[in-house]
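Working notes, structure below.
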Amino acid sequence: MQIYPAFFRLAFSRMDAERAHRIGFGLIRLADRTPAGWLLRRYCGPHADLQTTAFGVVFPSPFGLAAGFDKGGHGISALTALGFGHIEVGTVTGRAQPGNPKPRLFRLEADRAVINRMGFNNDGAAAVAPRLVAARTRLERTYRSNRPIIGVNIGKTKSVDLADAVGDFLLSTEAVAPAADYLVVNVSSPNTPGLRLLQNVESLRPLLNAVRARADEAAGRHVPLLVKIAPDLMDSDIDDIAALALDLKLDGIVATNTTITRGGLTTDDATVMSKGVGGLSGAPLKQRSLEVLKRLRAAAGEDLAIVSVGGVETAEDVLERLDAGATLVQGYTAFLYEGPLWAARINRGLARAFRGRRD
């Protein structure tokens, strides 16, 4: 019996979504500073059978937490204690920014979905970088081998003109790359004006080339580089990005970000419209995210890592993505509805499935 869904209905569902997130995340971080943190690591840690290698990096589990939950790198250790094989921090921008006006985060509970127009609210790369270093040091000390992985998702500062986007991305790259196990260039959020224009192959090529060179130079090693794309791209654009990734020898693609569409929702239209603009995530994104994954895998062959995210809720969902060609799988929105033991349940389901397939 799961206690958290009942707790969510009684407490968090009546609360502003962003405030509930802040309180819930605070409790997770508080638990990590008590003996409960040690117990959670013992209870939630992924089984050794789940170890997965992607772009030369060994992950304790193929399942991780997508960018957006921990924007500033405040709770990396606490979140890995819950069983996530990796935490993707961010989105981090070159300069600190408050994000869009509140309210900016809304639940569609009937659809197990969320609409957000957060706008990359974060403390800026210079402030986040020391937290990444401290978190990585702690994880190396705590796990020694098979430690959870830290990815960093970077985006454009809103106040920076699109023509100056490359320089802004390089500012964040130089700060965070030394502590990152991998880096993701986010050109697909709908909440920063003009950002999605950078998904155009002509704009994307010089950006990715510049970020890759600066990341490797700053870190003194190769930092695996991925690009995160939107689910709203045309199939031909997806094929073009796959071809570009192969041509540039990128390490992978993260697919997908949130969608600006509102089709097929259970929630009534008036309620959906009242939430305003923003990216939709959660269960309604499942089918399109899976379609994009299959399209990318067909276009890219086996030479590119694909991180599948969007509408993932169960171990069965994760297995479906892996079977469809995903190298790694991420979740986020279901975490808000399922609670702190969600990743542990998925890891246990995956371990059972892997054993069953071997037997």
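The values are calculated or read from the model by the stated rules, or taken from the named source; none is laboratory data. Everything numeric here is computed off the predicted structure, so don't read it as measured data. Positions of Cβ are backbone-derived with ideal geometry, glycine not excepted, and every protein chain shown enters the neighbour counts. What goes into the accessible areas is simple: the full protein's heavy atoms, side chains included, and nothing from ligands, DNA or RNA. Shrake-Rupley method; radii C 1.70, N 1.55, O 1.52, S 1.80 Å.
Annotations
- Whole-percent carbon and sulfur share, accessible surface of the chain, 1.4 Å: 55
- Between Leu105, Leu225, Leu280, the residue with the greatest mean-square fluctuation in the GNM of the chain (Cα pairs under 10 Å linked by springs) is Leu105.
- Packing order of peptides 156-169, 22-35, 322-335, 262-275, highest average first: 322-335, 156-169, 22-35, 262-275 (average count of other Cβ atoms within 10 Å over each peptide's residues).
- Cα centroids of the stretch 243-269 and the stretch 183-213: 13 Å apart.
- For Lys286, the shell of other residues with beta-carbons less than 14 Å away shows a net charge of -2, using +1 for Lys and Arg and -1 for Asp and Glu.
- For Thr52, the residues whose modelled amide H falls within less than 5 Å of its own, excluding neighbours fewer than 5 places apart on the same chain, are Phe59, Ser61.
- Other-chain or far-sequence residues with amide H under 5 Å of His74's (modelled H): none
- Phi angles across the stretch 103-120 convert, under the Karplus curve 6.51 cos²θ - 1.76 cosθ + 1.60 with θ = phi - 60°, into 3J(HN,Hα) values of x, 9, 9, 9, 8, 10, 5, 4, 9, 6, 9, 9, 10, 10, 9, 4, x, 6 Hz, Gly and Pro given as x.
- Structure-based [θ]222 nm, the chain - -39500 (n - 2.57) summed over DSSP H runs of at least 4, per residue, nearest 500: -13500 deg cm²/dmol
- Amide H within-cut-off set for Val254, under 5 Å, with H built and near neighbours excluded: Val227, Lys228, Ile229, Val307
- Backbone HN-Hα couplings from phi across the stretch 257-264 [Karplus 6.51/-1.76/1.60, Hz, Gly and Pro as x]: 7, 6, 10, 8, 7, 9, x, x
- Solvent-accessible heavy-atom area per residue, rounded to whole Å², over the chain at 1.4 Å: 41
- Residue-level accessible surface for Lys102, protein heavy atoms, 1.4 Å, Å²: 140
- Of the DSSP H helices in the chain, those with a Cα length along their own long axis of 15 Å or more and a mean Kyte-Doolittle hydropathy reaching 0.5 comprise 165-176, 235-248.
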